[in-house]
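Peer 1: Here it is, the structure, as C-alpha cells.
The values are calculated or read from the model by the stated rules, or taken from the named source; none is laboratory data. Small disclaimer: the values here were computed from a predicted structure and weren't measured. Keep in mind that these areas ignore ligands, DNA and RNA; they rest on the heavy atoms of the full protein, side chains included. Shrake-Rupley method; radii C 1.70, N 1.55, O 1.52, S 1.80 Å.
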Amino acid sequence: MGRGRQKAKHTKVARELKYFSPETDYSALERELTSSQHDPYEDEASKWADYADDDSYVPGDSPQR
C-alpha cells in the first residue's frame, strides 16, 4: 500500500474516532465512582507512604512495620 492510500486510511479512521460518541451509561459510571470496594493497592501504598519524605530511603529496601 502506497503512502497516499495509507495516509487516507489513517485520516478516515481518525475522523471516525473524532466524531464517534458512544452512548454514556451514567448509572454505571455512578456505580463505579461510588463503589465501596476495597482498593487492592491501598495497603501497598500505605506501606510506602512512610518513605515519601524519608531522606534515608535506599531503593530496594523493604518497609519495616
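Peer 1: Just checking, which of Pro59, Pro40 is modelled with pLDDT under 90 and open to solvent by less than 100 Å² (accessible area, probe 1.4 Å)?
Peer 2: The conditions single out Pro40.
Peer 1: While we're looking at this one, here's another question. Among residues belonging to the range 20-37 that are in a helix (DSSP H, G or I) and not polar (S, T, N, Q), point out the one that is modelled with the highest pLDDT.
Peer 2: Tyr26
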